[in-house]
Amino acid sequence: MTRNLDEQFEAAELDALFAEAAAEVPVPSDALTARILADAQSQLPQAAPQSNIAEPFWASLFQGLGGWPAISGLAAATVAGVYIGVAPTAALEAITTNVLGSSIVVDVAPDFDYFALEG
Amino acid sequence: MTMLDPDLDGVPDDALLIAYANGDLSVARVLTERLSPRILAYATRTLGDRAEAEDVTQDAMMRLWNIAPDWRQGEAKVSTWVYRVAMNLCIDRMRKTRRQRPLDAAPEPVDEAASPVEMMQSGARVAALQAALAELPDRQAQAVSLRHLQGLPNPQIADIMGQSVEGVESLTARGKRALKAILSGRKDELGFEDD
């Protein structure tokens with residue numbers, strides 16, 4: 001039996017090798033899939049880049065003012081302002097009289113005892 | 001649950017990836033089931049080592065999860081991007097294999113007394129092909145693998161490799177010539193005989 005000594009690899013033979021290699025169809029194991037999904041969980045972005053829920057305007061206003069610390073200060077200043085207007089100090093009354101000519105009293109709620117608000 | 005959610009069947013990969021980036025973990029399973037079999041097949045056929053191929057697959061998917069927040073729709077296909085990552089991971093591993101193996105050592109020990117019939121087992125022939133593939137220049141090896149082992153069309157390979165279609169055809173042709181030269185000396189062992 002003579003053997004062909006031509007050792008040159010032919011195109012068809014290479015194609016046959018390719019076909020054998022390509023015939024393998026590996027299926028991801030459950031273990032591999034579990035590892036990939038565990039990675040997905042560990043890499044899941046924590047904060048959504050954009051919120052899908054529209055904020056009511058007062059919520060962004062609230063944040064813009066500075067939240068509760070600022071709001072509470074604002075409330076205190078408002079109350080103080082009302083208090084000064086209702087029950088001005090003697091010095092302030094004197095200035096008002098000098099500037100406006102007479103003391104102006106506006107009784108907002110005649111029957112209401114503002115001083116009862118002091119706590 | 002291993003059933004794909006039928007409602008997501010028609011949703012493109014990049015839309016799922018955007019949903020994942022917005023905190024929806026449930027779409028990760030769909031993306032995994034779509035992409036990981038293809039990457040595992042490509043890596044296994046190219047490297048010839050199942051454990052290495054699984055590492056490549058897991059690494060490639062990890063990089064996909066990482067890139068999700070920066071993904072911009074319409075720029076590239078997710079599958080193209082993942083193939084490109086897997087290709088580079090395979091290149092790294094093949095380079096490492098070449099460095100670790102002495103130049104004059106055979107990829108498999110050749111038993112002079114073994115008959116060609118024994119070497120004709122498909123596993124050994126495929127291993128010889130993969131060993132020869134590892135000897136090629138990186139991009140020739142990957143072009144040949146993507147075309148002839150994974151069966152991808154040339155335009156898709158061009159996208160993956162960042163080449164023109166003509167460039168891919170040239171790499172494939174040169175790679176196959178080089179493979180034939182490497183394998184020629186082992187023709188009998190591989191069971192290719194004229195009779």
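Of the residues B:14, B:55, B:59, only one is more than 24 Å from residue B:144 (Cβ to Cβ) and surrounded by fewer than 22 Cβ atoms within 10 Å (Cβ to Cβ); which?
Result: B:14 is the single residue among B:14, B:55, B:59 that is more than 24 Å from residue B:144 (Cβ to Cβ) and surrounded by fewer than 22 Cβ atoms within 10 Å (Cβ to Cβ).
Among the candidates B:41, B:60, single out the residue that is without any contact (Cβ under 8 Å) to a residue 40 or more places away in the chain, part of a helix (DSSP H, G or I) and among the aliphatic types (A, V, I, L, M).
Only one candidate passes the filter, namely B:60.
Quick test of your reading of the structure: residue B:94 fulfils all but one of (1) modelled with pLDDT under 95; (2) open to solvent by 40 Å² or more (accessible area, probe 1.4 Å); (3) more than 20 Å from residue A:25 (Cα to Cα). Name the failing condition by number.
It fails just one condition, (2).
Go through the stretch B:127-142 and give me each residue that's in a helix (DSSP H, G or I), under 12 Å from residue B:176 (Cα atoms) and open to solvent by less than 20 Å² (accessible area, probe 1.4 Å).
If the condition is that a residue be in a helix (DSSP H, G or I), under 12 Å from residue B:176 (Cα atoms) and open to solvent by less than 20 Å² (accessible area, probe 1.4 Å), then B:129, B:132, B:133, B:141, B:142 are the ones that fit.
When residues of the stretch B:157-195 are filtered for being more than 7 Å from chain A (Cβ to nearest Cβ), open to solvent by less than 30 Å² (accessible area, probe 1.4 Å) and part of a loop (DSSP other than H, G, I, E, B), how many remain?
2
The values are calculated or read from the model by the stated rules, or taken from the named source; none is laboratory data. The model shown is predicted, which means the values in this text are computed figures rather than measured ones. Heads up, the Cβs are rebuilt from the backbone with ideal geometry, glycines too, and the neighbour counts pull from every protein chain shown. For accessibility, only protein heavy atoms count, side chains too; no ligands or nucleic acids. Shrake-Rupley method; radii C 1.70, N 1.55, O 1.52, S 1.80 Å.
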